[in-house]
1. Can you list the lysines whose alpha carbon is less than 22 Å from that of Lys16, not counting same-chain residues fewer than 8 positions off?
2. May I ask you to sort Lys176, Lys60 by Cβ crowding, counting other Cβ atoms within 10 Å and putting the fewest first?
3. Quick check on the stretch 143-228: what does the Kirkwood estimate of hydrodynamic radius come out to from the alpha carbon pairs, in Å?
4. With just the Cα atoms of the stretch 83-234, tell me how far they stretch along each of the three principal axes, in Å, largest first.
5. Along the charge dipole of the stretch 122-234, Cβ charges K/R +1 and D/E -1, which of Ala157, Gln135, Met125 sits furthest on the positive end?
6. Compute the distance in nm between two label points, each set 7 Å from the Cα along the Cα-to-Cβ direction, one at Ser234 and one at Met125.
7. Restricting things to Cα coordinates, could you compute the convex hull volume per residue of the stretch 1-155 in Å³?
8. Taking Rh as the Kirkwood radius computed over C-alpha pairs, what is the Stokes-Einstein D of the stretch 106-152 at 4 °C in a medium of viscosity 1.567 mPa s, expressed in µm² per second?
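Every number here is computed from the coordinates shown, using simple stated rules; none is lab data. Everything quoted here is computed from the prediction, not taken from an experiment. Cβ coordinates were reconstructed from backbone atoms using ideal geometry, including for glycine residues, and neighbour counts include every protein chain displayed.
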Amino acid sequence: MGSLPPGRKGRLEYEKLMALADPLVREAKKIAAIPPLPALAAEIQGDGIRVFGRITHVRKTGAYLIGFGRLNGARLLSAWIRHLFLNAAGPRDYPCQTILLGRDPKGKKPVSTYRFPDLGRDAGMYLDELARIFQKGIQTPFYFSPETSFQFAEALAAEGFALTGEPVFKAMGRAKKAWQDRHQGTGERENRYVDLCVDQSDPFESVETLLSSGFAPNAVRVFKPLLENREELS
C-alpha cells in the first residue's frame, strides 16, 4: 500500500483522489441498499473440464461489481467470466444480470457503468470456450494480451469482426499503443514474460504477422461474445 507525501502536497493529492472516488462511493451506497443474496459454492462440468468457485456479490436485482480502477480490458474480461459462471452454475432463482461500475478509461465520465444480461444456455457455451482456451494456453503460447486484444477487438466490432485487410489494419493501429509505446516505455509488450514469448516474432510487425500469429483471431475469439453482450448504461 502506498502513502501520500506530507504537508500541502499530500493534502492536494488526497483531495484529487477523493474527487475521483466520490462518484463511485455514491454509487456503492446505492448498491448497498439493495438486499444481498447469500454467497454460494457452485460448479459446472462439460467436455472433461470442471469449473468451480463461489458466486458472490449478488443482490436481489443482480450481481454488482464495483471498483476504483479504470474499466480496461482485463477488468471487463474478469467481470465477464464471473458473469458466465453466475449464469451457467448459479441457482435458477438467482438474478442473472451483472452490473459493472468503475472509472472511465478515457477519463471523460466520473463513472462508467456496463451491464451484462441474462445469457440463458449460451453462458455454458461461452464458459466452455474460455476453459478450452485456458487449457490450450497451458500447453502452447496463446497470443493474447488483455488490453491490446480488447482495443483490437473493440475497434474491429465496428466492422462486424471481419478479419480482412483494411479492418484489421485500422484495428491494429488503435491497439498498437496498448501493445507498446516506445517513447513512454509502456504497454503490454514491455512485460518480460510477453517479451520472452514474442522476442523473435512480434505479432505487430505487419497485418500478416498479426493474423498468422493468431493474435487477431484470438482477440476476436475471447472478446467478441463479451462485446456483443455488453450494454453501456452510463
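1. Lys29, Lys106, Lys108, Lys109
2. Working: Lys176 16, Lys60 10.
The most exposed by this proxy come first: Lys60, Lys176.
3. Numbers: mean 1/r = 0.0789 Å⁻¹.
Computed over the stretch 143-228, the radius equals 12.7 Å.
4. Largest first, the stretch 83-234 extends 52, 40, 30 Å along its Cα principal axes.
5. Going by the Cα projections, it comes out as Gln135.
6. That separation, rounded to one decimal, is 3.4 nm.
7. Numbers: hull volume 24.6 nm³, N = 155.
It comes to 159 Å³ per residue, whole-number rounded.
8. Working: Rh = 13.7 Å.
In µm²/s, the coefficient is 94.
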